[in-house]
Each structure stands twice: as structure tokens, then as C-alpha cells.
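To start, the structure under review is shown below, and the notes come after it.
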2 protein chains.
Amino acid sequence: MNNFEYKAPTKLIFGKNTIEKLKDEIPKNKKILLTYGGGSIRKNGVYKKVMDALKDHTVMEFGGIEPNPKYETLMQAVEIVKRENIDFLLAVGGGSTLDGTKFIAAAAKFEGEDPWDILSKGAQIKDAIPLADVITLPATGSEMNPGAVISKLETNEKFAFHSPFVYPVFSIIDPETTYSLPEKQTVNGIVDTFVHTMEQYATYDVNTPLQDEWMLGLIKTLMVEAKKVLKNPNDYDARANVFWCATCGLNYWMSLGCAQDWSTHMIGHELTALYGIDHGESLAIVLTRVWKNRKCDKMEKLAKMAIEVFGANEFLPKNILADITIKKTKKFFESLGRRTKLADYGIDKQEAAKKISQRFKERNISLGEKGNIGPDEVHEILMHC
Amino acid sequence: MNNFEYKAPTKLIFGKNTIEKLKDEIPKNKKILLTYGGGSIRKNGVYKKVMDALKDHTVMEFGGIEPNPKYETLMQAVEIVKRENIDFLLAVGGGSTLDGTKFIAAAAKFEGEDPWDILSKGAQIKDAIPLADVITLPATGSEMNPGAVISKLETNEKFAFHSPFVYPVFSIIDPETTYSLPEKQTVNGIVDTFVHTMEQYATYDVNTPLQDEWMLGLIKTLMVEAKKVLKNPNDYDARANVFWCATCGLNYWMSLGCAQDWSTHMIGHELTALYGIDHGESLAIVLTRVWKNRKCDKMEKLAKMAIEVFGANEFLPKNILADITIKKTKKFFESLGRRTKLADYGIDKQEAAKKISQRFKERNISLGEKGNIGPDEVHEILMHC
């Protein structure tokens, strides 16, 4: 096991009818900016529940945060925060709204010249406006981690940042809010959760059997519960189980002491930035192609997964077992209705391979748990997508 | 899944050579009371490492905290804390030292008349001295939870208390510190971890497949890694894996949203209080007898465990599967050299059954996840021990 450190101050409030707890979780003297996305919260009743709970608070609003939240949009909110002396941010919606709100929180207190430096140059964050959330989409795990991913329209770039200052003070998860999700978003969230777990699991083995049990246990659970929510969107327990998988998929509990990959996300972010496909779509395209390319590095873990998750015969050669995991994972994505080729989205793989490998070359970045996925490997991976 | 709330502010620092991090984790202006137990930390080098790391800090010492830490001893430390204006407590040792230190932290700031009320009457804790630990025994999980168990010599009582104020600020775990543990303590810790997990797992089913995967995954890991540490006490990875099992066994991550039992602990505490047997010994005696007594309530979970952990045939009747888990669990404890009958420790079961059921009757307490283990059931359980 590798050495590790872990600290996460977020209070998690999970279950039915938990939105009403907002009234006690945010001090009455706070001036709140409620942030949200495209307005689905007005249709599904979440907005009303939030405003009812906050009827004795001072609340301003900022809507219109996009999927893959845009720097340009978020900077408008930063202006409002500064002008109105907002001292608490409440994100209501999915991971994009929450990620965007984390950026607003950090940018509003940023002392440097251009808050985009937080993303493009890893500029240090020394403070942030306190933030919390009512999270309504099981996917990003943002509700219990210190990270966010932000895009810039002007340059078609998409970057992540991490800071302990943007841990939510609290996160409220009411699985009933997910009943009305469009199937496409439900599927994107399931794929995202699957891939988050795999970025932490499918690496080299540092002798972490408990962590492996947890991560593979999450995948087994997710595969069963995903089918249930797609069949019956109002199955409370299945919705709760899928949400808990999503949160645990990226709160890092499962993988403390393990190596981590994240190359699928890095390549996927470029696909989203350049071609506008959904995050979940990009991941379903890239994951198994990274595995094929790095099969030797990931052999032990992929083979273990074939036995534990897909019931493969443990006496098969590891090479074959790894192939089983690759094939079954692709099949699982397809069983959710998710297409897994660039061509399915009208993207020319040669162009994508050339553009994206060039971007990594310019940034001088190598990906993966061993840092051995350079621009050439990215090119090769995308040529197989 | 049941509704739940979760928040734990402790920073965990895990791995080789982590004790030296003490120097940066405790502010230099703090006046520290270093608390410890019987002095094993002077023999195994931990004391020296701690003092080297704190050479620029002001450190006083309080040694002699017993296993099953005693109120009478701890109140001497409370006097020192008050007299010397101590403003940081550092527990170095096992769960007893840490539990005792949690009580010192709370008692030193207690505003009521008698700090024993915290334990016997659940008197409210409104503040505590900040505390942290270098934990050297994988067992209680105290390093990442807000609970402690304290005994009173005068009355032969043993009670638990919980308060968010006694979460450690940080906990340092260096698995190498466990190389020199006496085998008996290693085994006690393994049994404690096993039973903590079962108190959270073996209840009624509220449809929590992810939590079940984690808890059974922990048991599977523990059973494999326990054998390794007993065979080779200096196996770093096995020691690290056992320690991580112990910490996760009682930081509540695995069981959020599940029902919980804790009757084995409640009965075990009485055995320790009255007869002085180790905590781990008491648990190995009681657990499977509680299961036999409440087999109908716990049938689903015990049957699932037989299949998942002990490889039993899933087509067997649940009743038989539950019996397999009961039998195999007892065998596992025995394989560690742990005796599982009261008579093995020279305790008369009739006397124990009478005294302990009487105690629960006086306190008007019923135990278990359904609150249906009353004094009569406690009597019956102990008569089978």
C-alpha cells in the first residue's frame, strides 16, 4: 500500500425529504447566491423545496450554468458575488452546476490577475466563499470532493482544479430528485461513476486487497442497480444505491493508498472541449481503448476484475482474462444504450487523434499511473476509438 | 437504504515514516500533554520518534493509561490539564490510550458537577481540548471516530460516549509500529475489527448492496491478511492491510444507511467490567451466541455472508446458510487461538447470566438493531456462552 493522507470536512445529508434541512444548515445571517443550471429544478419541484426551506434567508439567484460549465458564464456570477457581498453559495443541480460554483467560490477570492490561471496554470487558491449544494445528478462525486472541471469557450479548453477550500460545507442528496432525470443523463452518470472507479482501480497492483474489494464491489452494485433504475425510474432504493455509488465513486475512500490513472478523463475532456460531446459519452469511448493500449501495465487488475465481476474462470491466462474485462465493459456501456465509437458521434478519428495528441505535446504532459501515455500513445489510442 | 448524515473532520496520515509529520501538524504554540499506556512505546522506539518530532514543542507526559481505561486514572490527567493549562492532547499507543484521552479532553472542559455523568447519564459535551494521536494498535477504529469506552473501578462499570468534539484533529498510522505487538494483542485487534464490522452488517436488510459488498469485502480481506501477520509479523503490506481494515471497520464509511446492532459489544463490556477479560476475548465469546439467539432477525444477512465469504452453495436453505456463517465464524476465531467459551476463562456462565441480565434490567435497556434483546434474552445468550 502507498502512503496517503486524507481529510474531508464535508457534511453529507442523504435521504428522503432532506432538502428541508437547508434552513438549519445555513446560518440566517448569510447572504446566499443560489446557483443553478438550465432550469430543470423549476420543473421537478426542487427549486420550490429549496426556496421554501430558505424562506427566512436572504437569497439571490444565478441561473444558466451550462453542462461543462463555462468560464465566461461563471465570471458573470463572480461579478455578482463581489458586487452584492455574497457570503454563501448554494449550488442546486448536477455536477456541472456544483463544479461551476466551486470555481465561482475560488475566483471571487482570487488575488491574482486572471482567475483562469487557477485552471490553466494551477495558480494557488488561498481562500474561497463557503459553498454547499443540493446535488440532483449522481455522477461526478463533486458533492464530496475538492475538485471541479471548467471549460473556456474562447479557446475550447477544459481543465480541472483541486483545492481544500472548495469542499462543500454540506451536501444534500435526496434520491427522489433523480426520478425525473432524462434517461440520457442517468446513463451518463452511470458511465461516469463506472469510469471514476476504474481510473482508481485499473492501475498497477500495490497490494491493496480491501480497496480492490470496495472498488469491484461498487462496480458489481452499479451494474445491477443501473438496470433497475432504467427499468423503473421511480425505484427509490435503486436510485439511492446508484447515487451512493456515484458519491463513493469519487470521494476517494475506496482508493486511498492505491495508484491512480485518470488518462481516460484527460483524453475525454479534450473530446468534449473540441467536439462538444457529453462527458459520459467521451468516457465510454476512451476507457477500453486506454486499457487495450496499456494492457501489460494493467494486466493484474483487469484479470482480477474478470474473475470477481464478470465471473470468468480463474484458471484462464491473465491475458485472456484482461480481454474479457475489456470486452464486457464495452458491452455494459452498450447495454445502457451508449455508443462507444467516435464515428457514432460524427467525429473523424484521424483529426481527433492529430489535434488532441498535439495539445498534449504542447503542454508537455504524459498521462496514466506510470506517466507513460505520451502524445504518441494518445494518438494511437484515439485511432482505435 | 435508511436516511443518514455523516461528517468526520479527522485528517488521516497513513504509511511508513509518518510519525515525523507530528512536527508540522501541531502548532508550535501549543502546550502538549502526551498520553500513553503501560510504556511499550518506550521499548518499540515510538516514544523516541515522537519526541524527536516534537523537539521544538512544549511537551508534558502522562503515562499509565490502562487497557479498558479507568475513570480514576484519567481524572488524574484532567487535574494536570487544568493545572498546567494544557491546550493539546496527543495520545500515543492503542485504542485504550486514545479512548482515555478523548475522555480527558471532554472532562477537562466539562461544566457539570461530575464528569462520570458523561458516561453514566449521557451528559452533554459542549467543548473539549483538541486531541490527536499516533495510533499503534489496529483494533478500535477510535482514530477516525467520535467514540470512546471508559471503565470505573469503583463500580465495575464500563460505558461508551460519543461526541463530535472528540474527533481527533489528526491520526497518524505507521503500520511498522505494529511489528512488535504481542500476538495476543494482534489477535484481539483482528477479532475486534471482525466484530465491529458484523455489528454493522449482521442486522436486517434495508437494501444496501454497496455497503454489504464493502463490509463483506473487509471480512474477506481481514481473514486473509490476519493469517499473514500471524505468520510473519514484519510483513509490511499485511500489517498495513490489517490496520486499514481496523480503521475502516469503525469509521462508519461502510455502513451509512444501514441498521446497526452493537449488542455483542454491550454484553461484552459487562463481561470485561465484571471479570476483567480482554475486550477481544469477550467479543469472540458473545458474537455467535447473539447470532444464534437472533437467527430469524439476521437470517438474510448471515445467509448472504455464507455465500459471499465462506463460498457456500447459494441453493442451500437460508437457515442452513446462516448456520454455516455462525459455525465458520467461531472456527475463524479459534484458528487465531482465541477461546470462545466463558468456561475457558474460568467464568461461571450461570453467575454471569444472572448478574449481567440483572444490570440491563436495572438500566431498563434493550439491545440489538430491533431493540428486542431484553434482560431475558441476554440471560439466555450468556447461558449458551
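Any read-out appearing in this document is the output of simple, stated calculations on the displayed coordinates, not a laboratory observation. A quick note: this is a predicted structure, and the numbers were derived from the prediction, not measured. Neighbour counts are summed over all protein chains in view; Cβ atoms, including those assigned to glycine, are modelled from backbone coordinates with ideal geometry.
Place a +1 charge on the Cβ of each Lys and Arg in region A:177-328 and a -1 charge on the Cβ of each Asp and Glu, then give the dipole magnitude about the Cα centre in debye, rounded to the nearest 20.
380
Between copies, how close do the B:Ser180 label points come, placed 7 Å along Cα→Cβ, listed in nm from shortest?
Once sorted, the set of distances for B:Ser180 reads 6.4 nm.
How high is the FRET efficiency between B:Asn234 and B:Gln124 when r is their beta carbon distance and R₀ equals 60 Å, given to the nearest 0.05?
Plugging the Cβ-Cβ distance into 1/(1 + (r/R0)^6) gives 0.85.
Calculate how many DSSP beta bridges within region A:26-168 are antiparallel, expressed in % of all such bridges and rounded to the nearest 5.
Expressed as a percentage, antiparallel bridges in region A:26-168 total about 30.
Might you report the magnitude of the Cβ-based charge dipole of region A:66-188 about its Cα centre, with Lys and Arg at +1 and Asp and Glu at -1, to the nearest 20 debye?
160
For B:Tyr179 paired with B:Lys48, estimate the spin-label separation in nm (one decimal), with each label point 7 Å from Cα along the Cα-to-Cβ line.
About 1.3 nm separates the two model spin labels.
From the phi angles alone, apply the Karplus equation (6.51, -1.76, 1.60; θ = phi - 60°) to region B:117-128 and give each ³J(HN,Hα) in whole Hz, x where the residue is Gly or Pro.
Once rounded to whole Hz, the list reads 4, 4, 8, 7, 10, x, 4, 5, 9, 10, 6, 7.
List the aspartates and glutamates whose Cα lies under 12 Å from the Cα of A:Lys295, skipping any in the same chain that are fewer than 8 positions away.
Cα-Cα hits under 12 Å: A:Asp323.
Taking 0.36 nm per residue of sequence separation and subtracting the Cα-Cα distance, how much length would be gained by fully extending the chain between B:Gln76 and B:Glu351, in nm to one decimal?
Here the answer is 95.6 nm.
If we count other beta carbons within 10 Å of each Cβ, what is the order of A:Cys245, A:Cys296, fewest first? Each step should come with its number before you reach the end.
Values: A:Cys245 27, A:Cys296 8.
Least crowded to most crowded, the residues run A:Cys296, A:Cys245.
Over what distance in Å are the Cα centres of region B:45-62 and region B:194-231 separated?
About 36 Å separates the Cα centre of region B:45-62 from the one of region B:194-231.
Pairs to check: B:Lys121/B:Lys158; A:Lys330/A:Lys354; A:Lys292/A:Lys330; B:Lys23/B:Lys49; A:Lys30/B:Lys7; A:Lys304/A:Lys327. Give those whose C-alpha atoms are more than 20 Å from each other in this structure. Numbers along the way, then the final one.
On the way: B:Lys121/B:Lys158 13 Å; A:Lys330/A:Lys354 24 Å; A:Lys292/A:Lys330 12 Å; B:Lys23/B:Lys49 11 Å; A:Lys30/B:Lys7 22 Å; A:Lys304/A:Lys327 14 Å.
Result: A:Lys330/A:Lys354; A:Lys30/B:Lys7 exceed 20 Å.
Under 5 Å between amide H atoms, partner at least 5 residues away or on a different chain: which partners does B:Glu157 have, H built in plane at 1.01 Å?
Hits under the 5 Å cutoff: B:Lys152.
Return the percentage of antiparallel bridges among DSSP beta bridges fully within region A:123-266, rounded to the nearest 5 %.
65
Apply the Karplus curve 6.51 cos²θ - 1.76 cosθ + 1.60, θ = phi - 60°, to the phi angles in region A:336-348 and return the couplings in whole Hz, x for Gly and Pro.
Running phi through 6.51 cos²θ - 1.76 cosθ + 1.60 with θ = phi - 60° gives 8, x, 9, 7, 10, 10, 4, 4, 4, 10, x, 9, 7 Hz.
Using only Cα atoms, locate the centre of region A:304-379 and the centre of region B:312-358, then give the distance between them in Å, rounded to an integer.
Taking the Cα centre of region B:312-358 as reference, the centre of region A:304-379 is 49 Å away.
I need the inter-copy label distances for A:Pro27: point set 7 Å along Cα to C-beta, values in nm with one decimal, smallest first.
1.8
Normalised by the residues of region B:166-260, what does the relative contact order come to in percent, with Cα pairs under 8 Å and at least six apart?
After rounding, I find 43 percent.
With point charges of +1 on the Cβ of Lys and Arg and -1 on the Cβ of Asp and Glu, referenced to the Cα centre of chain B, which listed residue (B:Phe360, B:Asn207, B:Ile190) lies farthest in the positive direction of the dipole?
Of the listed residues, the answer is B:Ile190.
In whole Hz and in residue order, list the ³J(HN,Hα) couplings for region B:271-279 that follow from phi through the Karplus curve 6.51 cos²θ - 1.76 cosθ + 1.60, θ = phi - 60°; x for Gly and Pro.
Whole-Hz 3J(HN,Hα) from phi for region B:271-279: 4, 5, 4, 7, 10, x, 6, 4, 4.
Taking amide H positions as placed 1.01 Å from N in the peptide plane, with prolines and chain starts having none, which residues 5 or more places from A:Val134, or on another chain, fall under 5 Å of its amide H?
A:Ala91, A:Val92, A:Gly93, A:Ile172
Work out the charge dipole of region B:247-385 with +1 on the Cβ of Lys and Arg and -1 on the Cβ of Asp and Glu about the Cα centre, then indicate which of B:His265, B:Ala312, B:Thr247 is farthest towards its positive end.
My answer, from the dipole projection, is B:Ala312.
Points 7 angstrom from Cα along the Cβ direction at A:Leu153 and B:Glu5: gap in nanometres?
In this crude label model, A:Leu153 to B:Glu5 measures out at 4.1 nm.
Near A:Lys370, which aspartates and glutamates are there with a Cα under 14 Å away, not counting those fewer than 8 places off in the same chain?
A:Glu199, A:Asp205, A:Asp261, A:Asp297
How far, in nm to one decimal, is A:Tyr236 from itself in the other copies if the label point is set 7 angstrom along Cα toward Cβ? Shortest first, please.
The projected label point of A:Tyr236 is separated from its counterparts by 4.9 nm.
Taking a ≥ b ≥ c as the square roots of the eigenvalues of the Cα gyration tensor of region B:141-180, is the shape rounded (a/c under 1.5), prolate (a/b larger than b/c) or oblate?
Values: a/c = 4.08, a/b = 1.49, b/c = 2.75.
Note, shape of region B:141-180 comes out oblate.
Pick out, from B:Asn68, B:Thr136, B:Ala8, the residue whose Cα sits farthest towards the positive end of the charge dipole of region B:1-140, with +1 on the Cβ of Lys and Arg and -1 on the Cβ of Asp and Glu.
Selected residue: B:Thr136.
Let me check I have the definition right: for region B:183-312, take the eigenvalues of the Cα gyration tensor, multiply each by 5, take square roots. What are those semi-axes in whole Å, largest first?
Equivalent-ellipsoid dimensions as semi-axes: 23, 20, 13 Å.
How are the Cα pair distances of chain A distributed, in percent, across 10 Å bins from 0?
Pair shares across the bins are 5, 24, 33, 26, 10, 2, 0.
Using unit Cβ charges (K, R positive; D, E negative) and no other charged atoms, how large, in debye to the nearest 20, is the dipole of chain A about its Cα centre? Walk me through the numbers on the way to the answer.
On the way: 50 positive and 51 negative charges, 128 e Å.
I would put it at about 620 debye.
I need B:Glu183, A:Glu281 ordered by Cβ neighbour count within 10 Å, fewest first.
The fewest-first ordering by Cβ neighbours comes to B:Glu183, A:Glu281.
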